[in-house]
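The values are calculated or read from the model by the stated rules, or taken from the named source; none is laboratory data. The structure presented is a predicted model; accordingly, all values stated were derived computationally and were not measured. Neighbour counts are summed over all protein chains in view; Cβ atoms, including those assigned to glycine, are modelled from backbone coordinates with ideal geometry.
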């Protein structure tokens, strides 16, 4: 049975065709660690973990990478407001993130941090300059020249570049408003690293291009993240990476819908977040059921009623699983199988088939749960 996923780039459901036979390589954009993990983040983590576990069940060797952005304007701003070192801020919230993954039973093979890959980032930027895709500004910042990459905008569907700009505070030194920063020259009091262009730090988008290729190679199978990352982050990642590696950098672009509170996205800026540690204390592993009860591409609306339904399902599931294990042990001990056991086995086979049919068709977890 073919495994198919919706590809954001092509706007259609496609069969997964791994670059390396028998191996599926997945890169997911992880957190910027400047605050506590909330249940909006948790959905992305659980969806890709469930995907990894299912593909492993089907016999694939799955390599799952999720980065940690541990240097960023938000981290620097928090360190200033609290009078603490930026590294202390990043480490505190990175620990909270790792604890959240542990609670949700999410496993990741590699957790690269930006600050551990500065050398590779500088080398990648220099390669973009050498290839004519990037330029040095008078300030010492380096920008990607979007017009040089002719396929820009296809992932996000933004056809007209003239309608938007990136990093508007730096418009004066960019060739075009939509060019984006690869290396940001440092300001007084900011953390920095030495580079051929002077002191500075990486831009946001270049980090993932470098870390994904470092752990998965110049081409890999699935790139994931929330729908809020399609533009500009993933659009820019794709431009940078295909400028270096050529077309077809990623096989399938997969995006998860957001967690909503009413009609608003759950976000720190709106002040409507629910810390994951608090939600886990109330709902436990029923959170995994809740996340998977809505198709991954659709938004999911937070409500205590839906979480209570997820908890009841989780309890029924665990009780049923325990009963099946008990019946299996009894059948082995007695060395015979009753007629009712055969009938039950037939029902289980039916559920097993629907399980695979659902998950193989664009990872339809709600249909799998209803089976």
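The table below lists the values:
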{"read-out": "Scan of region 98-128 for residues that are over 30 Å from residue 141 (Cα atoms) and touching a residue at least 40 places away in the same chain (Cβ under 8 Å), ordered by number", "value": "99, 100, 101, 103, 104, 105, 106, 107, 108, 109"}
{"read-out": "Identity of the residue in region 128-147, in a helix (DSSP H, G or I) and either more than 16 Å from residue 237 (Cβ to Cβ) or not assigned by TED's automatic domain parsing to the domain that holds residue 245 (or both), that ends up modelled with the lowest pLDDT", "value": "147"}
{"read-out": "Residue match in region 240-248 (condition: within 27 Å of residue 365 (Cβ to Cβ) and in contact (Cβ under 8 Å) with a residue 40 or more places away in the chain)", "value": "no"}
{"read-out": "Criterion (in contact with a helix residue (DSSP H, G or I) (Cβ under 7 Å, 6 or more places away or on another chain) and either surrounded by fewer than 16 Cβ atoms within 10 Å (Cβ to Cβ) or closer than 26 Å to residue 209 by Cα (or both)) met by exactly one of 237, 315, 304", "value": "237"}
{"read-out": "Qualifying residue in region 63-84 (condition: free of Cβ contacts under 8 Å to residues at least 12 places away in the same chain and in contact with a helix residue (DSSP H, G or I) (Cβ under 6 Å, 6 or more places away or on another chain))", "value": "yes"}
{"read-out": "Failed criterion for residue 90 (all others in (1) in contact with a helix residue (DSSP H, G or I) (Cβ under 9 Å, 6 or more places away or on another chain); (2) in contact (Cβ under 8 Å) with a residue 60 or more places away in the chain; (3) outside any loop (DSSP other than H, G, I, E, B) hold)", "value": "(2)"}
{"read-out": "Test: residue 207 is within 15 Å of the chain's Cα centre (by Cα), surrounded by 22 or more Cβ atoms within 10 Å (Cβ to Cβ), more than 24 Å from residue 11 (Cα to Cα) and assigned by TED's automatic domain parsing to the domain that holds residue 177", "value": "yes"}
{"read-out": "Any hit, region 166-176, residues being more than 25 Å from residue 10 (Cβ to Cβ), modelled with pLDDT of 95 or more and assigned by TED's automatic domain parsing to the domain that holds residue 143", "value": "no"}
{"read-out": "Test result for residue 34, part of a loop (DSSP other than H, G, I, E, B), surrounded by fewer than 24 Cβ atoms within 10 Å (Cβ to Cβ) and in contact with a helix residue (DSSP H, G or I) (Cβ under 9 Å, 6 or more places away or on another chain)", "value": "yes"}
{"read-out": "Test: residue in region 72-87 that is crowded, with 16+ Cβ neighbours inside 10 Å and in a loop (DSSP other than H, G, I, E, B)", "value": "yes"}
{"read-out": "Number of the exception - residue 267 against (1) modelled with pLDDT of 95 or more; (2) within 26 Å of residue 99 (Cα to Cα)", "value": "(1)"}
{"read-out": "Residue 247 over 15 Å from the mean Cα position of the chain (by Cα), closer than 26 Å to residue 23 by Cβ and either assigned to a loop (DSSP other than H, G, I, E, B) or not assigned by TED's automatic domain parsing to the domain that holds residue 68 (or both)", "value": "yes"}
{"read-out": "Any chance residue 123 is out of contact with any strand residue (DSSP E or B) (no Cβ under 7 Å at 6 or more places or on another chain), at pLDDT 95 or above, surrounded by fewer than 15 Cβ atoms within 10 Å (Cβ to Cβ) and assigned to a helix (DSSP H, G or I)", "value": "yes"}
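For every residue, the table says whether it meets (1) over 12 Å from the mean Cα position of the chain (by Cα); (2) under 18 Å from residue 287 (Cβ atoms).
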residue: 17; (1), (2): yes, no
residue: 25; (1), (2): yes, no
residue: 30; (1), (2): no, no
residue: 35; (1), (2): yes, no
residue: 41; (1), (2): no, yes
residue: 59; (1), (2): yes, no
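Here is a yes/no grid of residues against (1) closer than 22 Å to residue 8 by Cβ; (2) touching a strand residue (DSSP E or B) at 6+ places or on another chain (Cβ under 9 Å); (3) surrounded by fewer than 19 Cβ atoms within 10 Å (Cβ to Cβ); (4) at pLDDT 95 or above:
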| position | (1), (2), (3), (4) |
| --- | --- |
| 243 | yes, yes, no, yes |
| 250 | yes, yes, no, yes |
| 253 | yes, yes, no, yes |
| 256 | yes, yes, no, yes |
| 271 | no, no, yes, no |
| 286 | no, no, no, yes |
| 297 | yes, yes, yes, yes |
| 300 | yes, yes, no, yes |
